[in-house]
Amino acid sequence: MYQLTINSLTPQQFLSEYWQKKPLLIKQGFSDFQDPIEPEELAGLAMEDSIESRIITNHADDWQAYHGPFEDFSLLTEKNATLLVQAVDHWHADAAQLLEPFRFIPNWRIDDLMISYSTPGGGVGPHLDQYDVFIIQGLGKRHWRVGLPDANLKQFAQNKSLLQVEQFPAVIDCVLEPGDILYIPPGCPHEGYAVENALNYSVGFRAPNQRDLLSQFADHLIDTELGNTRYGDSKLTLRDSKGELNNLEAEQIKQLMIAAIDDNTVFKTWLGNSLSQPKHDMDLAPLEEPYTVDQVRELLTDETLIFERLGGTRAIYQIIDDKVLLSVNGINYLHEMSTLADIKRLTDQSWLTADDINSSKNNHDFLKTFTTLLNEGIWFC
């Protein structure tokens, strides 16, 4: 539906020259761009309890942030106001299509699609993000300034939920028009203000830090009752000081902890579970009358049938020895290597035909997994 061009760059040239290195203005990245959503639809999503939304206002440099859901939009004033809705790809199929052109970045790195609607002068102020983002201009125009990383820039809180940064020199200073795209790497200060009523689409990427990863891995060990090996010191000898924890003991403790991560099966099982978990609610609609495996096998005989993947679905796979571990929305499914081609299609494609996976219709384990995904509403036809 959307065809991305990155100036005169190939995707690999973009990755080599710009990804996580420096910002880039992409003029007419989407030519003849058509908004997949109307401002009124975005406002409707912001009224839902299960969808994260905010309104940011900046009247007379007094920055305020309000959290949804919203019953009305009196806060969204004619000037200096912005409505932001998170993970719209989970709830709006047409908007979810905006993620597809960016899937030259691996699936597990793509986070979600945030959409903002701003009145003239509206924005969120100068700030830093610790993740990569592509910002697509839709309706209207927006003036952007983007700088380079600077460890000396001071951050400050305008209020409890709005962190900003002091003014910075810009290497990009431009007005985006419909179809233009900004790529902003982590740590680059940036600010954008609507010139006129404007829609912006932010494709964000996951960048977990060590603290979060270690905490989640520890939770996995607890939940699965693993990591029970205890410290031992059968070669303990007498020493002069009773109070010392010596270097050898410290190293043994470190190796004890590392050993838990070094178990390849445990580590990859946790990794698939963790990295495939959506951060936001999804528009899941499990079937009231679930399919049986035999019924799904029968469905696959219809070569004209098309299966679609629900927006926001996180599907990845890993190779563990001679097995394939498929991870979908935090659930792991272990399969034989013979199903690799079909699992690639499930993770790489947002839609497929019955013929695409027909080769596995006689593989009971794969068909059982696909039946589960259909019954949960993750895939549908």
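The values are calculated or read from the model by the stated rules, or taken from the named source; none is laboratory data. All of these numbers come straight from a predicted model, not from anything done at the bench. Positions of Cβ are backbone-derived with ideal geometry, glycine not excepted, and every protein chain shown enters the neighbour counts. Accessible surface areas use protein heavy atoms only, side chains included; no ligands, DNA or RNA. Shrake-Rupley method; radii C 1.70, N 1.55, O 1.52, S 1.80 Å.
Need one number: nm distance between label points at ASP32 and GLN210, each 7 Å from Cα along Cα→Cβ, rounded to one decimal.
5.1 nm
Quick query: amide H of TYR131 versus all other amide H atoms, modeled in the peptide plane; which residues come in under 5 Å with a sequence gap of 5 or more or a different chain?
Counting only residues 5 or more places away or on other chains, the set is GLY187.
If I model a spin label at ASP283 and ALA65 as a point 7 Å from the Cα along the Cα→Cβ vector, what separation in nanometres do I get?
So the label points at ASP283 and ALA65 sit 2.7 nm apart.
Among LEU98, LEU113, LEU75, whose mean-square fluctuation peaks in a Gaussian network model of the chain (Cα, cutoff 10 Å)?
Between LEU98, LEU113, LEU75, it is LEU75 that shows the largest mean-square fluctuation.
At 0.36 nm per residue, and after removing the present C-alpha to C-alpha distance, how many nm does the segment from LEU15 to LYS344 gain when stretched out fully?
116.2 nm
Report the extension gain between LEU75 and ASN159 in nm, rounded to one decimal, defined as 0.36 nm multiplied by the number of residues separating them, less their alpha carbon distance.
Numbers: separation 84, 0.36 × 84 = 30.24 nm, distance 1.68 nm.
So the chain would gain 28.6 nm between LEU75 and ASN159.
What's the local net charge at LEU256, with K and R +1, D and E -1, over the other residues with C-beta under 14 Å away?
Surrounding charge for LEU256 is -3.
Can you give me the accessible area per residue for the chain, using a 1.4 Å probe, in Å²? Before the final figure, lay out the partial values.
On the way: 20110 Å² over 381 residues.
Heavy-atom SASA per residue in the chain reads 53 Å².
Can you tell me which of 360-366, 374-380, 249-255 comes out highest on packing, and rank the rest after it, using the mean Cβ neighbours within 10 Å?
374-380, 360-366, 249-255
With θ set to phi - 60° and the Karplus curve 6.51 cos²θ - 1.76 cosθ + 1.60, what are the ³J(HN,Hα) couplings of segment 132-143 in order, to the nearest whole Hz, using x for Gly and Pro?
Those phi angles translate into 6, 8, 9, 10, 9, 8, x, 3, x, 9, 9, 8 Hz.
With just the Cα atoms defining each centre, how far is segment 1-77 from segment 315-375? Give it in Å.
What the calculation gives is 32 Å, centre to centre.
Taking a spot 7 Å from the Cα of ALA170 along the direction of its beta carbon, which residues of segment 1-27 have an amide N less than 19 Å from it?
22-27
Going through the cross-link list LYS154/LYS279; LYS27/LYS344; LYS160/LYS279; LYS79/LYS279, which pairs have a Cα-Cα distance over 26 Å in this structure?
Violating the 26 Å Cα-Cα cut-off are LYS154/LYS279; LYS27/LYS344; LYS79/LYS279.
For segment 193-349, what % of the accessible area comes from carbon and sulfur atoms, probe 1.4 Å? Display every interim value, and only then the final one.
Working: 5080 of 9950 Å².
That fraction is 51 percent.
Under a plain spin-label model, where a point goes 7 Å from the Cα along Cα-to-Cβ, how far apart in nm are THR265 and ALA93?
Simple spin-label model gives 4.1 nm for this pair.
Just flag the GluC sites (Glu not before Pro) in segment 153-200 sitting in loop per DSSP whose Cβ has no more than 15 other Cβ atoms within 10 Å. Intermediate values should be presented prior to the final figure.
Working: sites: GLU166, GLU191, GLU196; in loops: GLU166, GLU196.
Filter output for segment 153-200: GLU166, GLU196.
Give the aspartates and glutamates reachable from LYS268 as a straight Cα distance under 13 Å; neighbours fewer than 8 places away on the same chain don't count.
ASP321
Quick check on packing: order 298-310, 234-246, 153-165 by the mean number of other C-beta atoms within 10 Å, highest mean leading.
Answer by packing, highest mean first, reads 298-310, 153-165, 234-246.
Leaving out ligands, DNA and RNA, what percent of the accessible area of segment 1-158 is carbon and sulfur, probe 1.4 Å? Mind dumping the intermediate values first?
Working: 3630 of 7540 Å².
For segment 1-158, the apolar C and S fraction of the accessible surface comes to 48 percent.
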